[in-house]
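**Student:** Right, I'll just put the structure down here and ask away after.
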Amino acid sequence: MTPIPGLAEHVPEDALLPVACGFCGGKESDLKFKDGLFSVVTCRDCELTYVTPRLTNADLIEHVYNEGYWSSSEAKTRGYTDYVSDAELYIRTYRRRLAVVRRHFRAPGRVLDVGCAAAYFLSVMQEEGWQVTGLEPSEAVRAEAGERIGKDNVLAGLLGEVDLEPKSFDLITLWDVLEHIPDPVAALSEARKLLAPGGKLLIETQNVDSRAANWLGPKWQHYKHTEHIYHFNPKTLGEILKRAGFAVLENKSALGGKYVSLSFIGERAGRLHPILSTLLSPLNLIGGFALYINLFDEMIVVAEPVSAN
């Protein structure tokens, strides 16, 4: 059986199913590019960019977000080289991004992080005095989250699957998560039910219309077809939020960068051309050094619920 790029296991090709637009249901689309079994297309009706075919919802959890996702030998197409080893880089990144939270909240409250992974963001929020709760469907990383912020603060599952008290969170966050969710409107609608009066939603996701995406084309680092099944731009993300009952307060890319290791730079350069990984391989020998890089291809969006009339 031929492996599917982006999957560690030998999953049969017939597990990949053609899909219509996950926002408007439109079946007519324009091809941006084809990459092996996968097509990246833009819906003619609502302009959402998405990947087809893709795995079904259950197969996504089983075959994408397992242990191999968090420690991947092919991070250019799936997951992370060693997510846990880069903990301090993620924590430094989230401490920098606290500026967004502080801009909208004068005092700590209750925060829910959807797809919390190893809870690096929530550990930073704990330092700030917030009461933290994380949702994480991947068993392979959930124990790490529990060790970091307390196992009682980490719940297994997805929005809508876990019994959470309505109107109980001041802030709900989805960091690099929405592009993975098969039904983003349903997920955001569930999040809206959980927000307390005055609560806000914070999303980070990639901008498919950014200069970096346009310049790099199919080699853009966020084209990882088995996991990034949607690619939003400010317009489509705004429409999805509106459908779910939110109004956008801000959409900025200034804090969308992250701290990365030199070896990460060499690895991702190999996406542009394999020889670049070879030329930059000496960077792997330089440990403990990191750079802050922002390609301005990430959107950090803050939104609030709109009152029903």
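FYI, it's all coordinate maths here, none of it is from the lab. Nothing here was measured: the structure is a model prediction, and the numbers come from that model. Reconstructed Cβ throughout: ideal geometry from the backbone, glycine too, with neighbour counts over all protein chains shown.
**Student:** If amide H atoms are built 1.01 Å from N in the plane of the peptide, which residues on other chains or at least 5 residues away come under 5 Å of the amide H of LEU55?
**Tutor:** Amide H neighbours of LEU55: LEU17.
**Student:** Working from the pairwise distances between different alpha carbons, so that the mean of 1/r is found and then inverted, what is the chain's Kirkwood radius in Å? Let's see the in-between values first.
**Tutor:** Working: mean 1/r = 0.0500 Å⁻¹.
Averaging 1/r across every pair of different Cα atoms and inverting gives 20.0 Å.
**Student:** Between ALA247 and ASP152, what FRET efficiency comes out of the Förster formula 1/(1 + (r/R0)^6) with R0 = 45 Å and r the beta carbon distance, rounded to 0.05? Let's see the in-between values first.
**Tutor:** Details: r = 34 Å, r/R0 = 0.75.
The formula returns an efficiency of 0.85 here.
**Student:** With unit charges on the beta carbon (Lys/Arg positive, Asp/Glu negative), name the residue among GLY199, LEU159, SER85 whose Cα is farthest towards the positive pole of the charge dipole of the chain.
**Tutor:** Going by the Cα projections, it comes out as GLY199.
**Student:** OK, next. What is the local net charge at ILE172, summed over the other residues whose Cβ is closer than 14 Å to its Cβ (Lys, Arg +1; Asp, Glu -1)?
**Tutor:** Details: positive: ARG110, LYS167, ARG192, LYS193, LYS200; negative: ASP113, GLU165, ASP170, GLU190, GLU204, GLU304.
With Lys, Arg at +1 and Asp, Glu at -1, the neighbours total -1.
**Student:** Something else now. Check cross-link reach from LYS224 to the lysines: straight Cα distance under 24 Å, and skip same-chain residues fewer than eight apart.
**Tutor:** Those lysines meeting the cut-off are LYS27, LYS32, LYS34, LYS76, LYS235, LYS252, LYS258.
**Student:** Still on this structure, I have one more. In debye, nearest 20, what is the charge dipole magnitude of the range 78-218 about its Cα centre with +1 on Lys and Arg Cβ and -1 on Asp and Glu Cβ, if you could check?
**Tutor:** Numbers: 17 positive and 21 negative charges, 146 e Å.
About 700 debye.
**Student:** How high is the relative contact order of the range 81-179, in percent, with contacts defined as C-alpha pairs under 8 Å that are six or more residues apart? Show your work: numbers first, answer last.
**Tutor:** On the way: 146 pairs, mean separation 28.9, N = 99.
Relative contact order comes out at 29 percent.
**Student:** A further question on this structure: Going by Cβ distance under 4.7 Å, what cysteines of the chain have no possible disulfide partner?
**Tutor:** Isolated Cys, the chain: CYS116.
**Student:** Could you sort 24-36, 179-191 so that the peptide with the highest average Cβ count within 10 Å comes first and the rest follow in order? Let's see the in-between values first.
**Tutor:** Numbers: 24-36: 12.8, 179-191: 20.1.
Ranked by mean Cβ neighbours within 10 Å, highest first: 179-191, 24-36.
**Student:** A further question on this structure: Among 56-67, 194-205, 144-155, what's the highest-first ranking by average C-beta atoms within 10 angstrom per residue?
**Tutor:** Ranking the peptides 56-67, 194-205, 144-155 by packing returns 194-205, 144-155, 56-67.
**Student:** Sticking with this one: Only Lys, Arg, Asp and Glu count, each charged at its Cβ (+1, +1, -1, -1), so figure out the dipole size of the chain about its Cα centre, rounded to 20 debye. Can you show the working numbers first?
**Tutor:** On the way: 32 positive and 40 negative charges, 238 e Å.
Charge dipole, the chain, about its Cα centre: 1140 debye, nearest 20.
**Student:** Now for a different question. What number, in percent, do you get for the relative contact order of the chain if the mean sequence gap of Cα pairs under 8 Å and at least 6 apart is divided by its residue count? Please list the in-between numbers first.
**Tutor:** Details: 598 pairs, mean separation 50.7, N = 309.
Computed over the chain, the figure is 16 percent.
**Student:** Go through VAL185, ILE240, THR133 and say which Cα lies farthest out towards the positive end of the charge dipole of the chain; charges sit on Cβ, +1 for Lys and Arg, -1 for Asp and Glu.
**Tutor:** Highest projection toward the positive end goes to ILE240.
**Student:** Just from its helices, what would the mean residue ellipticity at 222 nm be for the chain, if runs of 4 or more DSSP H residues each count -39500 (n - 2.57) and the sum is divided by every residue, rounded to the nearest 500 deg cm²/dmol? Can you show the working numbers first?
**Tutor:** Working: 10 runs with 92 residues, N = 309.
It lands at -8500 deg cm²/dmol.
**Student:** Across the Cα atoms of the range 102-174, what radius of gyration and what greatest pairwise Cα-Cα distance (Dmax) are found, in Å?
**Tutor:** When restricted to the Cα atoms of the range 102-174, Rg and Dmax are 11.6, 35 Å.
**Student:** Express the C-alpha Rg of the range 26-143 as a ratio against the empirical globular expectation 2.2 N^0.38 Å, rounded to two decimals.
**Tutor:** Details: Rg = 18.0 Å, N = 118, 2.2 N^0.38 = 13.5 Å.
The value comes to 1.34.
**Student:** Moving on to the next point. Could I get the Rg over Rh figure for the range 125-226? Both from C-alpha atoms, Rh via Kirkwood, rounded to two places.
**Tutor:** Working: Rg = 15.8 Å, Rh = 15.5 Å.
Rg divided by Rh gives 1.02.
**Student:** Using amide H atoms built 1.01 Å from N in the peptide plane, name the residues 5+ places from GLU250, or on other chains, whose amide H lies under 5 Å from its own.
**Tutor:** The answer is VAL302.
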